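One structure is given here, and the rest of the page talks about it.
The values are calculated or read from the model by the stated rules, or taken from the named source; none is laboratory data. Predicted model, so just to flag it, every value in this text is computed and none were measured. When we count neighbours, we look across all protein chains shown, and the Cβ atoms used for this are built from the backbone with ideal geometry, even at glycine. SASA here: full protein model, heavy atoms, side chains in, ligands and nucleic acids out. Shrake-Rupley method; radii C 1.70, N 1.55, O 1.52, S 1.80 Å.
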Amino acid sequence: MRYSILLPCSLGVLVGLSTAFPIAETQAKGQFIGTDEIKDGMKGYGLTVFKGTKPERFDVEVIGVLNNFLPSQSLILVKTPHPRLDITKNVQGMSGSPIFLDGRVAGAYAYSWSSFPVEPVAGITPIAPMLHELRRQTGPGFFPLEPLAKARAAPDRKRPAKTITSFEGDVGGYDLRAHIDQLKSRLALSGQAGRGQATRVATPISISGLTPHAFESARQIFEPLGLSPEQGGGGGSSAVIAGDVPLHYENGGALGVQLARGDVSFMGLGTTTFAEGHRAAGFGHPMMGGGDVALPACIGRVHWIYASASHSSKIGEAARPLGALVQDRQSAVVVDESKTAPTIPMKIRIAGINESPKNEWNVELAEDKLMTGGLSAAVIAAAIESTIGERRDMTWSLKYDVYVRGHSKVTLEDIGISQGNQYAQAPYWSFRSQLVRLLGAALNNPWEEVHVERIDAVLSVTRSADVDIVKGVELVDAVVEPGGTARVRVRLQPLYGPETVRVFEAKIPTELAGRDVDIEIVPGYALGADNAQPENLDELLAAMSKRVAPPKTAVVQIALPGAAVAMHGHVSKRVPPFAIDAMRPTSSDRQPSTLTQYERTIVSTDRYLSESVRTRVKVRALPSASP
């Protein structure tokens, strides 16, 4: 079992972009109108939901068409006079609202140039590229929408495809903050607009069920994606909210993407532009730019459009789960009512405290290389903060059983100490959770596609800060004999009560004779096992669950000469340098990795240690041999 301890100590002028997709002559004079037919001063209307689920009209007047605004791309500018839009100007969540000119669909409300608009001027993505995406077929064998059994039927397991949200680096050392930083860099290089450039109207992420600090941590995940977290409402995993909710997507209706649903909800909110059969296109721009995707979709409900000088936005929630988001492209997102996206059920049961607002948390998470880990971090933070939100000392343990289809169950544990609710001062601590690391590593592994079937967790709470603060360390004996025992006196201060003293012992190997030796005392929860670089998913999952010692222990360790060598899933200790050179293959780029090897003694402790400490002891030299 692996452990960790978590000690807390807009929008204005919008632009519509299109690529050069011709509209057939019969279509151009039927349902759709091309940019070559649009003239300055033409009047029409748009459809969007101002409140509830039913689309309403707003007036539109064409300002002009900018041809070749970008290579092979046009731009349509329109005014949108309307009593509410005159106040709110441009609105997040209106992306995809269909614009009709001459009674035909011209495109979708989509882009902006300014963060502080002073008039309701919008930009339109022409309909032609959106129709192209609507009719694009997902390639055969696309993993998230194909049964895993089919992917496993082939002799070689299908290697995961790289996407813009993939983690680059050693997946065994997965770090959510580093992953977010990578994504920020990629988006900065892939055309995110700066001053004077066109920007898409940000997609609001309606969030419910989170505590304030959990909400702040969620902001760190979504803003790099160009998404705008907003406090909103949420719906259950499969329940339909009462009211007159359409059975299918309709032009101008609210279109949602459910990244999480249940006791915690994350929903991206936009508008359907054009529905055709069991498919519908919307937004007029990408949500995250993932290409072929598989995320749960829903019909949304809008409660209000709040006005803001920097960015106005719709406030809403899910009304009816329906189908899956299957395309996330430059000109549109596409939902398919006939598809079902994979989700990960996550359950957290509360134990040891009766006054908790909830005894159990149930959430379904979308399966995504970046967001699954981030979403789970937000859920963990909300569950813990709401459970131990009292301003008193508490210790908690969160144990997880993670079930990955086709692989053994993985068991992990996070441990935290809250002194007077001080954990709330560090809203991002849940990013370091062992569960977040495992999900990120598994979903970004380079060997095979993965589906996490479920996550079962138990949050246990005790009403005390069960920790000893290390106040000082000193040697009992300044010099020790080779092969003898070094004794280290450690002063420990519990949060309440008198200081105590523990003496920890370390065996000194004879080979360290004549040296100054560092002795390190490390909390058991802080040490992972020495593992070889994993070469498949089974090895990765096994490595992430291994630990050197139980969490409530002190590990007394001394670094030894030489090195341990890890290769092909095995760790060999006390390997001499010449043997390491002999192990280097000449016909492969896979090289053995070296690890520091230790002499370790594991000692049980009454409480968790607050930190690691180090001291140095002198080992007497061996007597010289007689001539």
From phi via Karplus (6.51, -1.76, 1.60), per-residue ³J(HN,Hα) for region 531-536 in Hz, x at Gly/Pro: 10, 6, 4, x, 10, 7
FRET efficiency for Val501 and Leu595, using Cβ-Cβ distance with R0 set to 45 Å, rounded to 0.05: 0.85
Might you tell me the accessible area per residue for region 431-560, computed with a 1.4 Å probe and given in Å²? 38
HN-Hα couplings for region 548-561 via Karplus (6.51, -1.76, 1.60; θ = phi - 60°), in whole Hz with x for Gly/Pro, come out as 6, 8, x, x, 8, 8, 10, 9, 8, 9, 10, 6, 9, x
Quick one: length gained pulling Asp477 to Lys184 fully straight, 0.36 nm per residue minus the C-alpha distance? 100.2 nm
Which residues' amide hydrogens lie under 5 Å from the amide hydrogen of Ala513, considering only partners 5 or more residues apart or on another chain, with H built in the peptide plane? none
Placed amide H near Thr273: partners under 5 Å, 5+ positions off or other chain: Gly252, Ala281, Gly282, Phe283
Hey, with R₀ at 35 Å, roughly what FRET efficiency would Asp86 and Ala161 work out to, going by the Cβ-Cβ distance, to 0.05? 0.15
Pairs of alpha carbons in region 287-337 whose separation is greater than 12 Å (percent): 68
With a bin width of 5 angstrom, please list the P(r) values of region 249-398 as percents of all Cα-Cα pairs, from the 0 bin to the one holding the largest distance. 2, 9, 17, 18, 16, 13, 10, 7, 5, 2, 1, 0
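Which of Lys339/Lys399; Lys79/Lys184; Lys314/Lys347; Lys507/Lys552 have a Cα-Cα distance over 28 Å?
Over 28 Å Cα-Cα: Lys339/Lys399; Lys79/Lys184; Lys314/Lys347.
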Rounded to the nearest 0.05, what FRET efficiency do Arg57 and Ala309 have when you use their Cβ-Cβ distance and R0 = 45 Å? 0.95
Roughly how many percent of the accessible protein surface of region 304-443 is carbon and sulfur, given a 1.4 Å probe and a whole-percent answer? 44
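Classify region 393-500 from the C-alpha gyration tensor, please: rounded if a/c falls under 1.5, else prolate or oblate depending on whether a/b exceeds b/c.
Because a/c hits 1.5 or more and a/b fails to exceed b/c, region 393-500 counts as oblate.
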In Å², what does the accessible area per residue of region 77-139 work out to with a 1.4 Å probe? 31
So, with a 1.4 angstrom probe, what is the percent of accessible area on region 51-102 that is carbon and sulfur? 52
Cβ charges +1 (Lys, Arg) and -1 (Asp, Glu), total dipole of region 397-519, debye: 300
Averaged per residue, what accessible surface does region 254-371 expose to a 1.4 Å probe, in Å²? 27
Name the shape class, rounded, prolate or oblate, that the alpha-carbon gyration tensor gives for region 445-514, where a ≥ b ≥ c are the square roots of its eigenvalues, rounded holds for a/c under 1.5, and otherwise prolate holds if a/b is larger than b/c and oblate otherwise. oblate
Between Asn362 and His248, what is the spin-label point distance in nm, taking each point 7 Å from the Cα along the Cα→C-beta axis? 3.1
